[in-house]
Ligand SMILES: NC(=O)c1ccc[n+]([C@@H]2O[C@H](COP(=O)([O-])OP(=O)(O)OC[C@H]3O[C@@H](n4cnc5c(N)ncnc54)[C@H](O)[C@@H]3O)[C@@H](O)[C@H]2O)c1
Ligand SMILES: [Zn+2]
């Protein structure tokens, strides 16, 4: 398969996303070709480095990695401080590049370090989870959690390059892989019927992590994200459609203190809620809602919701940082591949939709 190149063009920076099975083994020459500064540091987690670090080290001529823990609970300023410490001790300067090598947690944290160290050094993402490959590595959102809330501290800082090698997904736990697939379904449902059908059709090959199946769905997801981000870098308008499934999803994560669901799993439920809302107001055909529900169900069981009350979820939605002027915004599907954004949803409609999806009264 030929390497895929996708260009992201935002007002603050343009950059290439390179997607290829085996790209990891050529990161050094790839970055040279893209004129990314040659003094390169890598930030990764102990697990990711143990699994795949050798390949990266060989490709970027013997680097000493900066290893930090990557659980969501470590996505905090003290961990970023450890990255600064390592950069300062190594005398990293303005002509240095920080390469992030891990999932979304490493990318967001080390990306924030790169955005702020010396007011910004070059940043390259080499994402290693499906979620990071199709979502978090593109678009420039970097940051960390505050003890009182998720992603409250951060910035927009576009990377100088993104290098995606699907062969690293072979070691990803099945649950993490599925969590990423729900975001792929999100892209399909909002923007691409072809992608939606492909996930359904190639499910077995995807779970076997076959590059022939992975490359097309990662490429299409990245193209959609790149297009949306290029049109709307700071999420003023069109980028909001990527929040499909995230209004209820974020609320579920907050209510369960980010412990029960992987982000993608909460988004899967959030998409079901939004679809239910849409059929409830006649905006989405029942057949399309069912196609979405069936595809999500076909990937396997999701953690339960029956003990969470719709009132609790509704309350948490009101605290979401994306609320504008007190109105709940919902991205509603209107068919497979198309959406509309509404801000006139009544509480009762939300409660009804939540109940239909399985939340308690
Ligand atoms: N910046 C953005 O636009 C954006 C978008 C979506 C999500 N996010 C953020 O991304 C984070 C979630 O990212 P995530 O889902 O990648 O989780 P993660 O970074 O926590 O990684 C999940 C787990 O997989 C492990 N892992 C990573 N690569 C592996 C591999 N190849 N093989 C085996 N194990 C591997 C990690 O060590 C970790 O235990 C959240 O903090 C979320 O806020 C950011
Ligand atoms: Zn998401």
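The table below gives the values:
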item: Enumeration of residues in segment 114-135 that are assigned to a helix (DSSP H, G or I) and more than 17 Å from the chain's Cα centre (by Cα); result: 114, 115, 116, 117, 118, 119
item: Subset of segment 229-238 that is within 14 Å of ligand 1 (Cβ to nearest atom) and surrounded by fewer than 19 Cβ atoms within 10 Å (Cβ to Cβ) - its residue that is modelled with the lowest pLDDT; result: 235
item: Helices (runs of 4 or more DSSP H) lying entirely in segment 136-223 (those with 1 or more residues that are more than 18 Å from residue 244 (Cα to Cα), modelled with pLDDT of 95 or more and within 12 Å of ligand 1 (Cβ to nearest atom)); result: 174-191
item: Output for segment 70-110, where each listed residue is within 16 Å of ligand 2 (Cβ to nearest atom) and either not assigned by TED's automatic domain parsing to the domain that holds residue 144 or not in a loop (DSSP other than H, G, I, E, B) (or both); result: 72, 104, 105, 107, 108
item: Segment 1-23, residues that are touching a residue at least 40 places away in the same chain (Cβ under 8 Å) and closer than 14 Å to residue 139 by Cβ; result: 6, 7, 8, 9, 10, 11, 12, 13, 15, 17
item: Residue match in segment 259-270 (condition: at pLDDT below 95, within 21 Å of residue 72 (Cα to Cα) and touching a strand residue (DSSP E or B) at 6+ places or on another chain (Cβ under 8 Å)); result: no
item: Failed condition for residue 249, given (1) buried (at least 23 other Cβ atoms within 10 Å of the Cβ); (2) touching a residue at least 60 places away in the same chain (Cβ under 8 Å); (3) within 16 Å of ligand 1 (Cβ to nearest atom); result: (2)
item: Of all residues in segment 24-55 being in contact with a strand residue (DSSP E or B) (Cβ under 6 Å, 6 or more places away or on another chain), in contact (Cβ under 8 Å) with a residue 60 or more places away in the chain and within 14 Å of ligand 1 (Cβ to nearest atom), the one that is farthest from residue 93 (Cα to Cα); result: 48
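Every residue, every condition in (1) over 18 Å from residue 331 (Cα atoms); (2) out of contact with any helix residue (DSSP H, G or I) (no Cβ under 8 Å at 6 or more places or on another chain); (3) within 16 Å of ligand 2 (Cβ to nearest atom); (4) in a loop (DSSP other than H, G, I, E, B), yes or no:
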site	(1), (2), (3), (4)
235	no, yes, yes, yes
239	no, no, yes, no
261	yes, no, yes, yes
265	no, no, yes, no
273	no, no, yes, no
277	no, no, no, no
283	no, yes, no, yes
293	no, no, no, no
301	yes, yes, no, yes
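The values are calculated or read from the model by the stated rules, or taken from the named source; none is laboratory data. Not measured: the values here are computed from a predicted model. All Cβ positions, even for glycine, are placed from backbone atoms using ideal geometry, and neighbour counts span all protein chains on display.
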